1. Normalised radius of gyration for the range 80-173, please: alpha carbon Rg relative to 2.2 N^0.38 Å, two decimal places.
2. Can you tell me what the convex hull of the Cα atoms of the range 186-236 projects to on average, as an area in nm²?
3. Could you give the length gained by full extension between residue 22 and residue 110, i.e. 0.36 nm per residue of separation minus their alpha carbon distance, to one decimal place?
4. In vacuo Debye scattering of the range 121-225, one point per C-alpha: log10 I(q)/I(0) at q = 0.13, 0.21, 0.22 Å⁻¹?
5. Run the quick spin-label model on residue 67 and residue 148: label points 7 Å from Cα toward the beta carbon, then report their separation in nm to one decimal.
6. Based on alpha-carbon atoms only, what is the radius of gyration of the chain relative to the globular estimate 2.2 N^0.38 Å?
7. Rank by packing, highest mean first: peptides 28-38, 112-122, 150-160, with packing defined as the count of other Cβ atoms within 10 Å averaged across residues.
8. Roughly how many nanometres apart are two label points built 7 Å out from the Cα toward the Cβ at residue 92 and residue 129?
């Protein structure tokens, strides 16, 4: 599938639904926002909504569906959250029990879907400013790491914050911070710059999610809050049932990047 901004998100979702794209969505449909997915039973939805409100950096809310509704009517009208992501993860009691390319058989009338902003959204702006995005260059998934930074608990939900990492040339770090600060709805400015051990990451070569990328001489690891955080929270809080996107495999929305930017 082309990474060109000319690719319509509806076309991209249709191809994903047909199984023609099963990989990570970084670099697809430049100019359009991507979203993380969390699906929970109604009785846990309020707690998770509160968790998102208390942790807006890793869990910036873009949309919450009505109970039982799998169409994201605000961000991607006509989309089907059961089919339009390349890969899903299913958790039971905090354990990952399956990955799937659709969740039609898992869908229930009591489920509520949450769409959270994704940092893939601001990568087009970084590239436009001649700031490299290494996982796109190397054709891999973005590296993601669990930190020792705790999220603010809410109801049943508690656990560590997850970050994504992009190596940035040292002379372009300030520019990268300025650019991503304009996108608070998709994680915004970095949470940490430099020494990974300061936030509990022991080895950049061994990400908890995604794949490691090359860090070149003169580059600095820069860490952004990540929408995979709910998956780390699920493993610690152990909700009875939860569906998420597979890390790096997002919903491509109809919302344009600049619609989420601030001046």
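Just so you know, all these numbers are worked out from the coordinates, no wet-lab data involved. Just so you know, these numbers come straight off a predicted model, no measurement behind them. Quick reminder, even Gly has a Cβ in these numbers, built from the backbone with ideal geometry, and neighbours come from all protein chains shown.
1. Taking N as the residue count of the range 80-173, the ratio is 1.38.
2. 4.3
3. Extra length from residue 22 to residue 110 when fully extended: 28.9 nm.
4. So the normalised log intensities are -0.46, -1.17, -1.27.
5. Label at residue 67, label at residue 148, 4.2 nm between them.
6. 0.93
7. The peptides rank, most packed first, as 112-122, 28-38, 150-160.
8. Label-label distance for residue 92 and residue 129, simple model: 4.6 nm.
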